[in-house]
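Worksheet for the structure shown next.
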Amino acid sequence: MRTIVALTTCICVFAGASGVSGQTLTPTAPPPLTPSAPPLTPSAPPLAPSAPSAPPAIPSAPPLTPTAPPPVAPSAPPAIPTAPPLTPTAPPPVAPSAPPAPPPVAPSAPPAPANTPGAVTTLSTFNVGNWSAAAFTAPGSMDFDHCAGETLYRSGITLGFKVTGAFLWSMYFYNPAWKLTPGASYPLAFTLDYSAPDMATAIAIGVNAVEVALAPDMTLFKRFMEAEKLKVEAASESFVFDLTDTSKLLPDLLNCVHSYVGAAPATSNPFQSFTGH
């Protein structure tokens, strides 16, 4: 810019000097203003900042407005294994080697108990405390014979009491470990609580059992009803039994007999006061 101003000033001074001589000054075209110095155009980039180049693209984040996820079709529930068909396939028929026997014909009424020779039939049963009681027939017959009640002790011995249709009574003992001679007799003594011992005879009614006939005496019957313990002394052993509930058992045995044969005449029934209740 300063070079251009200096050239303009020189032209004006030259023109003024030419006017003095009165010659028309035809201005000659100025020489081209080729600057001797390089243009003042700064090599530096223009002051006006060029538009900043776009920063390197940052990986664009997914749009803020989330696109609706595609509808999720509910997956079908797992298939439940189908049950096997309810109608089973019929097995191949088995050809019988012989024609089947016809079904038995049910009798219209239950058969009567078999009258087996020597067999004893139970007519009725009842319980008194730990005592199991029943009414029985005579061996090989269906006629009533006696009522009896028994119980098993820890010693392995069974004690029982028996009252016949003639109102005779006895006690019996059974032990599977005994080896007796059927029909043989064995003397023994029995004691009720702390009373004096009574002598008696036991008859073997089997290999493992004996029966002791008791006097048809009301006093003795009451003693058995009221006693708490019975002690039996045989030739080589002695046994002790608790007489729990005999106060109920013995009268019930009398009433059992009474229900089958009725009351006997007072002269032949020493237990008349206990029967008929």
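The values are calculated or read from the model by the stated rules, or taken from the named source; none is laboratory data. Computed from a predicted model, the values in this text were never measured in an experiment. Counting neighbours? That spans all protein chains shown, and the Cβs are built from the backbone with ideal geometry, glycine included.
For the stretch 163-170, the count of residues that are free of Cβ contacts under 8 Å to residues at least 24 places away in the same chain and of a type outside the set (A, V, I, L, M) is zero.
Would a scan of the stretch 183-201 turn up a residue that is over 22 Å from Tyr260 (Cα atoms) and within 49 Å of the chain's Cα centre (by Cα)? No, the stretch 183-201 has no match at all.
For the subset of the stretch 114-130 comprising residues that are β-branched (Val, Ile, Thr) and either in contact with a Phe, Trp or Tyr (Cβ under 6 Å, 6 or more places away or on another chain) or closer than 19 Å to Thr151 by Cβ (or both), which member is modelled with the lowest pLDDT?
Val120
Would you say Gly183 is free of Cβ contacts under 8 Å to residues at least 24 places away in the same chain and assigned to a strand (DSSP E or B)? First the steps, then the outcome.
Details: free of Cβ contacts under 8 Å to residues at least 24 places away in the same chain: yes; assigned to a strand (DSSP E or B): no.
Spelling it out, it is not the case that Gly183 is free of Cβ contacts under 8 Å to residues at least 24 places away in the same chain and assigned to a strand (DSSP E or B).
For the stretch 169-198, taking the residues that are over 21 Å from Glu226 (Cβ atoms) and aliphatic (A, V, I, L, M), the one that is surrounded by the fewest Cβ atoms within 10 Å (Cβ to Cβ) is identified as Ala177.
If the requirement is being over 52 Å from the mean Cα position of the chain (by Cα), closer than 15 Å to Gly149 by Cβ, of a type outside the set (D, E, K, R) and modelled with pLDDT of 95 or more, which of these qualifies: Leu214, Leu253, Leu249? If you could, list the steps in order and put the result at the bottom.
Numbers: Leu253 fails: over 52 Å from the mean Cα position of the chain (by Cα); Leu249 fails: over 52 Å from the mean Cα position of the chain (by Cα).
Leu214 is the lone residue from the list that is over 52 Å from the mean Cα position of the chain (by Cα), closer than 15 Å to Gly149 by Cβ, of a type outside the set (D, E, K, R) and modelled with pLDDT of 95 or more.
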